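Read-outs throughout are calculated quantities, based only on the coordinates presented, and are distinct from any laboratory measurement. Just so you know, these numbers come straight off a predicted model, no measurement behind them. Every residue, glycine among them, receives a Cβ derived from its backbone with ideal geometry; neighbour counts consider all protein chains shown.
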Amino acid sequence: MKKGTTFIIFLFLIVFCINAQDNGCKTDSIRKEYKATEIHKIPEFKGGNGELIRYLSTSIRYPSAAIRDNVEGRVIVTFVVSESGKISNVSVQKSLSYECDAEAVRVVKSMPKWTPGMIDGKPVAVLWTLPIVFKLNKQSSDDF
């Protein structure tokens, strides 16, 4: 990273689970992945949204190419929180740049287990959507 270049990663945790779409996914013939509107208890990052924000903000490294090219914006990542809380099937639904997309996917894939979603007291796999916003903090030369 260049001296004097700092960045802020805004993590908007208006976390949506494939909101109004009705195209539920099946990963195999036995297991169904549910949408948030279908479950009784949504999956949760251990420690809640505050810990999720802390984890993402300390884990994400703004790609140097994105800094150089002044790339800012949002990457929308979807993933499955399995019955055991493991993260799988990570994919980019809205791309920003190759480098930012890859960084968002890397960090989501490395997340620790979540508390799984529940229906009738039983853990279920849930398809989750997470927006990750990359924003550069542009400082003037007077700041140094």
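Observations on the structure shown:
- Separation of the residue 102 and residue 84 label points, Cα + 7 Å toward Cβ, nm: 2.9
- Binned Cα-Cα distance frequencies in region 67-112 - 5 Å width, integer %: 5, 22, 29, 19, 12, 7, 4, 1, 0
- Charged neighbours of residue 101, selected by a Cβ distance under 15 Å, balance to +1 (K, R count +1; D, E count -1).
- Phi angles of region 49-65 translate, via the Karplus equation with coefficients 6.51, -1.76, 1.60 and θ = phi - 60°, into HN-Hα couplings of 4, x, 6, 5, 4, 4, 4, 5, 5, 8, 9, 6, 10, 4, x, 4, 5 Hz per residue; Gly and Pro are given as x.
- Among 94-102, 127-135, 71-79, the order from most to least packed when residues are scored by Cβ within 10 Å on average: 127-135, 71-79, 94-102
- Taking amide H as placed 1.01 Å from N in the peptide plane, residue 124 has its amide H under 5 Å from the amide H of 117, 118, 119, each at least 5 places away in sequence or on another chain.
- Segment residue 109..residue 138, full-extension length gain: 7.5 nm, with 0.36 nm per residue of separation and the alpha-carbon distance subtracted.
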